[in-house]
Amino acid sequence: MTRIPFFAHDLGDAEVAAFAAALRDPILTTGRAVAEFERRFAHTLAIPHAVATTSCTGALHLALLAHGIGPGDEVLTTPMTFIATATAILQAGASPVFVDVEPATGNLDVTRIEGSITPRTKAIMPVHLFGQMCDMRAIRTVADRHALVVIEDAAHCVEGTRDGIRPGMLSEAACFSFYATKSLTSGEGGALITRDGALADQLRLLRLHGMTSSAAEREREGYEHWDMVAMGWKYNMDNLQAAILLPQITRLAAHHERRTRLAHRYRELLANVPRVSMPSVVAKVDHAWHVFAIWIDAANRDAVIRGLEREGVGVTINYRPVHLTRYFRDNFDGAPGQFPHAERIGGATISLPLYGSMPDDHVDAVVARLTQVLAALPTST
């Protein structure tokens with residue numbers, strides 16, 4: 001039986017050559033390769049400025065700090081996300097306030113946002129779950145009505161659009177991940193895009209200790225005394241990470257097209273499989289298809305996961321609702337019943353294999369093995 005991994009990268013000769021070239025540069029930390037990646041990434045997203053970081057978590061944290069969000073402030077976000085969305089808010093000293101999600105998509109439910117706004121609310125942090133963008137036009141309208149900052153967690157959504165809008169176009173900033181399973185990957189890494197040049201300059205200062213010059217600038221321009229002018233952090237991407245990312249940008253569109261075709265094949269094959277449902281894809285969305293998620297009744301979900309693993313199919317869960325993790329239960333009174341749609345989705349979700357180099361017949365094999373596992377479940381009474 002052929003094992004089908006949850007994810008496989010396609011890094012190869014181009015990335016090896018780029019990495020080797022970066023090793024020959026006297027500056028291994030933030031320098032020419034990072035600057036070139038920032039330029040090309042911003043161009044790809046059609047946004048003027050990009051700031052490369054060590055992670056999406058760091059980018060989210062910096063975006064909050066740069067907007068003066070901290071102790072006493074509240075940030076509205078979704079519980080149906082990776083924990084880093086919420087912990088970045090905590091790291092800034094603010095409080096995450098969860099808003100339930102749309103039952104059909106898992107994305108933040110815009111109709112519930114205004115009911116959660118208080119005098120302490122300073123920002124909204126939507127998450128484009130699985131690669132499908134939230135309704136950014138509606139979110140921007142609410143934010144403008146209440147003078148709120150919008151910072152997008154676009155870790156799943158480099159390629160996505162909705163209503164002709166891409167990440168970063170209707171927000172103060174959008175943040176991305178280059179984690180090991182992302183469509184652009186350097187193992188770890190992240191970036192932030194913004195239309196605001198002054199904000200980009202501030203973020204570059206904050207990502208490197210609040211120092212007025214970097215090692216690359218001192219090497220290029222000659223030594224000048226640097227100063228620390230702000231409380232900063234250590235979030236700067238290095239040239240080695242950037243070098244790995246650069247060749248992948250040229251393949252980004254082709255890989256998105258291929259993942260889209262594979263995702264459509266999944267949806268076609270699964271449409272009539274009993275006990276399986278899938279998140280809706282809303283009108284006027286170009287889905288990034290970072291994750292292909294299915295929903296199985298919570299009573300059977302873990303048995304299906306174990307069955308798929310026995311059948312050689314790698315799977316994961318995206319995600320368990322944040323408020324039900326032990327840390328949030330112990331420290332923020334998270335409890336079942338607070339966000340029923342997020343809890344239903346979190347209890348039902350299985351993420352199936354999907355990646356740019358995945359063979360077509362692996363989709364058919366995953367569906368066949370899933371169908372077999374489901375058929376072996378006890379009949380409900």
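The values are calculated or read from the model by the stated rules, or taken from the named source; none is laboratory data. Since the structure is predicted, the reported quantities are computational estimates derived from the model, not experimental observations. Every residue, glycine among them, receives a Cβ derived from its backbone with ideal geometry; neighbour counts consider all protein chains shown.
At least 1 residues that are over 23 Å from the mean Cα position of the chain (by Cα) in each: list the helices (runs of 4 or more DSSP H) lying fully within region 310-375 that qualify.
Where helices (runs of 4 or more DSSP H) fall fully within region 310-375 and carry at least 1 residues being over 23 Å from the mean Cα position of the chain (by Cα), they are 326-332, 360-375.
Residue by residue through region 287-308, note down the ones that are over 25 Å from the mean Cα position of the chain (by Cα) and not in a loop (DSSP other than H, G, I, E, B).
Quick first cut of region 287-308, residues over 25 Å from the mean Cα position of the chain (by Cα) only: 297, 299-300, 303-304, 306-308.
Matches in region 287-308: Ala299, Asn300, Ala303, Val304, Arg306, Gly307, Leu308.
Would you mind listing the strands (runs of 3 or more DSSP E) fully within region 48-111 where at least 2 residues are among the small types (Gly, Ala, Ser) and either on the phi < 0 side of the Ramachandran plot or surrounded by fewer than 23 Cβ atoms within 10 Å (Cβ to Cβ) (or both)?
The qualifying strands (runs of 3 or more DSSP E) are 49-53.
Please enumerate the residues belonging to region 3-31 that are touching a helix residue (DSSP H, G or I) at 6+ places or on another chain (Cβ under 7 Å) and either part of a helix (DSSP H, G or I) or loosely packed, with under 14 Cβ neighbours inside 10 Å (or both).
Across region 3-31, the qualifying residues are Ala14, Glu15, Ala18, Phe19, Ala21, Ala22, Pro26.
Looking at this structure, is Arg267 crowded, with 17+ Cβ neighbours inside 10 Å, in a helix (DSSP H, G or I) and not acidic (Asp, Glu)? Write out each step before concluding.
On the way: crowded, with 17+ Cβ neighbours inside 10 Å: no; in a helix (DSSP H, G or I): yes; not acidic (Asp, Glu): yes.
Against the criterion (crowded, with 17+ Cβ neighbours inside 10 Å, in a helix (DSSP H, G or I) and not acidic (Asp, Glu)), Arg267 does not qualify.
Condition check: in the same structural domain as Ser186 (by TED's automatic domain parsing) and closer than 28 Å to Cys175 by Cα. Does Met228 satisfy that?
For Met228, the condition - in the same structural domain as Ser186 (by TED's automatic domain parsing) and closer than 28 Å to Cys175 by Cα - is met.
Could you check region 87-106 and list, in sequence order, the residues that are within 18 Å of Tyr235 (Cβ to Cβ) and either of a type outside the set (Ser, Thr, Tyr) or over 19 Å from the mean Cα position of the chain (by Cα) (or both)? Spell out how you get there, then give the answer.
Initially, region 87-106 is screened for residues within 18 Å of Tyr235 (Cβ to Cβ), giving 87-94.
Result: Ala88, Ile89, Leu90, Gln91, Ala92, Gly93, Ala94.
Scanning for something among the hydrophobic types (A, V, I, L, M, F, W, C), in the same structural domain as Leu62 (by TED's automatic domain parsing) and free of Cβ contacts under 8 Å to residues at least 24 places away in the same chain, does region 129-143 turn up at least one residue?
So far as region 129-143 goes, yes, one or more of its residues are among the hydrophobic types (A, V, I, L, M, F, W, C), in the same structural domain as Leu62 (by TED's automatic domain parsing) and free of Cβ contacts under 8 Å to residues at least 24 places away in the same chain.
Considering each residue of region 300-330, count those that are exposed (fewer than 15 other Cβ atoms within 10 Å of the Cβ), of a type outside the set (Ser, Thr, Tyr) and touching a helix residue (DSSP H, G or I) at 6+ places or on another chain (Cβ under 9 Å), and give that number.
Start the filter on region 300-330 by keeping residues that are exposed (fewer than 15 other Cβ atoms within 10 Å of the Cβ), which leaves 302, 306, 309-310, 312, 326-327, 329-330.
Then keep just the ones that are of a type outside the set (Ser, Thr, Tyr); that gives 302, 306, 309-310, 312, 326, 329-330.
After this cut, where a residue has to be touching a helix residue (DSSP H, G or I) at 6+ places or on another chain (Cβ under 9 Å) as well, the list is 306, 310, 312, 329.
Going through region 300-330 one residue at a time, the tally reaches 4.
Give Ala66, Ala88 a once-over and let me know the one that is under 24 Å from Asp135 (Cα atoms), among the small types (Gly, Ala, Ser) and in contact with a helix residue (DSSP H, G or I) (Cβ under 7 Å, 6 or more places away or on another chain). Even if it seems obvious, please write down each step before you answer.
Details: Ala66 fails: under 24 Å from Asp135 (Cα atoms).
That would be Ala88, the only listed residue that is under 24 Å from Asp135 (Cα atoms), among the small types (Gly, Ala, Ser) and in contact with a helix residue (DSSP H, G or I) (Cβ under 7 Å, 6 or more places away or on another chain).
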